[in-house]
Number of protein chains: 2
Amino acid sequence: MENYKQFLVILSSAGVVGLIAIIFAIRWVLYYQGGLAWDGKAAEFNWHPLLHISGFIFLQGVAIIVYRLPWTWKYNKLIMKFVHATLNLVAFIFAVVATVAVFDFHNDANIPNMYSLHSWVGLAAVILYGLQLVLGVGLYLMPFTPVSWRAAFMPIHTYSGLFLFGSVIAAALMGITEKLIFSLKTNPAYKDLPPQAIFVNILGLLLVIFGALILWIATRQSWKRPSEQFLHSLHSDRGSEVGSKVGPSLSQLSDGVEGEEAFGEVRRRNNKFEDQVN
Amino acid sequence: MENYKQFLVILSSAGVVGLIAIIFAIRWVLYYQGGLAWDGKAAEFNWHPLLHISGFIFLQGVAIIVYRLPWTWKYNKLIMKFVHATLNLVAFIFAVVATVAVFDFHNDANIPNMYSLHSWVGLAAVILYGLQLVLGVGLYLMPFTPVSWRAAFMPIHTYSGLFLFGSVIAAALMGITEKLIFSLKTNPAYKDLPPQAIFVNILGLLLVIFGALILWIATRQSWKRPSEQFLHSLHSDRGSEVGSKVGPSLSQLSDGVEGEEAFGEVRRRNNKFEDQVN
């Protein structure tokens, strides 16, 4: 893998920032907002930001970059597709429960549903994410789906995934804005910037930084998982060199310097057009 | 150009959606919010959303995709760099004036500045956009900048540009949320979804759709402007075929079927890795 150290630094930064954001969300709802419960009251509402941040943002971010982890390249792509789909499914379940929590809270408190821009963008993101999940499983995990369909939809699948991820973060920023205005009305008001306001504003910034790091990893062509075909041909080349060493194990590839150099070379050739300056 | 019809449909959709968003912003501030002025009052605030939407979002979006317009490929890349930089400079000026407007309004009304997440993300975006502009001019328009620097910074320049564009839209969505809550407090309140609320929520959705279309165009490798080197070599090949036709004009390239097919072929070869399914 090219720039392996840079990859590790950015990946671990994303992990750290994402986990700090979850810790911030936990402290926000437990310390500032009265804790968690499933009672139709404010404590039920609190599941809404917590599950969206931990599931719909953090887990979705992990699901997006799971193919990029070089230590998974020794596993069959199909296994990684299941990991990708499962993480997205868990993120979707978190998102649905988070959405139910706010509807319950609104209904109990006689607050209308679906009036804010936050709710419009947020619910659209949940529905489109569910659609993306169903289409993704249908296209890339069902054995009978024609390869030509898989190829034709891949750019849309990838783009929709990244765009939805960004939209979910944007929806969370709107949600934070709403919640701080509604819960800090007077003594202190949001505009007086009390500790809770600073704390939750920082949470918002952490979500933006997490998004930036995940999208950087996801859009580096040189960090893409090499194609199965390429892994096989590399393996065959090496196999013919070392004589009898032919078998199903591709486990050495991600460790081998030879493999890495070969990846780099092919990548350089194929990325020429992307990295051109003029 | 590959998928030229799809390009035209998406480009014109982006143009239409962006212009409708500007019309919505004009109607919002003129009809619902009391018009425009530069008096430190609400009418000065109104420049804030209007200039951000028309300049910092719409013009920035145009600046991002200006290299992708195939009818500009006949012009020297340097000319297009100036167009790109000028559009970004105008967008930056709009953003600065829009920011001054809200500070003026706050100061006049004794509302604190810089307390909300919207203001933190928004001001960070304006400052980073200014930095991006200065670095962009220094790297890509100063003749003495080493080519190796240009190449090394290009992925960062491109990524930062697209990420900032997304962040500005996210900041606008937070701003819309704030403004609707503050200006629709009672009779009618935002939660009662009066016409202004529906109208401005739709404006928010238009901004999201505009962002989606611009980012789709900007991230299609096959719609990239071909490199100067490639345009030259294609021209030379054609020149040798037709004998004496050698000269500075590359103007036929974007119209010529032969040219388009050649682009397509090279692109196909270079995009193999990107579009792989496995």
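The values are calculated or read from the model by the stated rules, or taken from the named source; none is laboratory data. All values reported here derive from a predicted model rather than from experimental measurement. Don't worry about glycine lacking a Cβ; one is built from the backbone with ideal geometry, like all the others, and counts go over all protein chains shown. Heads up: the accessible areas ignore ligands, DNA and RNA and are worked out on the full protein's heavy atoms, side chains in. Shrake-Rupley method; radii C 1.70, N 1.55, O 1.52, S 1.80 Å.
Data overview
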{"item": "Residue within segment A:145-155 that is under 25 Å from A:Val102 (Cα atoms) and assigned to a helix (DSSP H, G or I) present", "result": "no"}
{"item": "Criterion violated by A:Ser183 - all others in (1) more than 7 Å from chain B (Cβ to nearest Cβ); (2) open to solvent by less than 10 Å² (accessible area, probe 1.4 Å); (3) over 24 Å from the mean Cα position of the chain (by Cα) satisfied", "result": "(2)"}
{"item": "Candidate set from segment B:186-211 (those that are within 7 Å of chain A (Cβ to nearest Cβ) and surrounded by 19 or more Cβ atoms within 10 Å (Cβ to Cβ)); member that is farthest from the chain's Cα centre (by Cα)", "result": "B:Tyr190"}
{"item": "Residue that is open to solvent by 20 Å² or more (accessible area, probe 1.4 Å) and within 9 Å of chain A (Cβ to nearest Cβ), where the choices are B:Leu131, B:Leu162, B:Leu141", "result": "B:Leu162"}
{"item": "Checking B:Val121 against (1) within 14 Å of chain A (Cβ to nearest Cβ); (2) over 30 Å from A:Pro195 (Cα atoms), the condition it does not meet", "result": "(2)"}
{"item": "Test: A:Gly138 is modelled with pLDDT of 95 or more, part of a helix (DSSP H, G or I) and within 26 Å of A:Gly204 (Cα to Cα)", "result": "no"}
{"item": "Single residue of segment A:218-239 satisfying the filter (of a type in the set (Gly, Ala, Ser) and within 20 Å of A:Ala151 (Cβ to Cβ)) that is modelled with the lowest pLDDT", "result": "A:Ser233"}
{"item": "One residue from B:Trp73, B:Trp149 being exposed (fewer than 15 other Cβ atoms within 10 Å of the Cβ) and more than 28 Å from A:Leu207 (Cα to Cα)", "result": "B:Trp149"}
{"item": "In segment B:39-61, residue farthest from B:Asn3 (Cα to Cα) [restricted to those that are touching a residue at least 40 places away in the same chain (Cβ under 8 Å) and open to solvent by 30 Å² or more (accessible area, probe 1.4 Å)]", "result": "B:Lys41"}
{"item": "Pair list, Cβ under 8 Å, 6 or more apart: segment A:159-180 residue assigned by TED's automatic domain parsing to the domain that holds A:Val66, other residue of a type in the set (D, E, K, R)", "result": "A:Thr177/B:Glu178"}
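Yes/no matrix, rows are residues, columns are (1) open to solvent by 20 Å² or more (accessible area, probe 1.4 Å); (2) free of Cβ contacts under 8 Å to residues at least 40 places away in the same chain; (3) closer than 29 Å to B:Arg220 by Cα:
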| position | (1), (2), (3) |
| --- | --- |
| B:Ile79 | yes, yes, yes |
| B:Ala91 | no, yes, yes |
| B:Asp108 | yes, no, no |
| B:Trp120 | yes, yes, no |
| B:Met154 | yes, yes, yes |
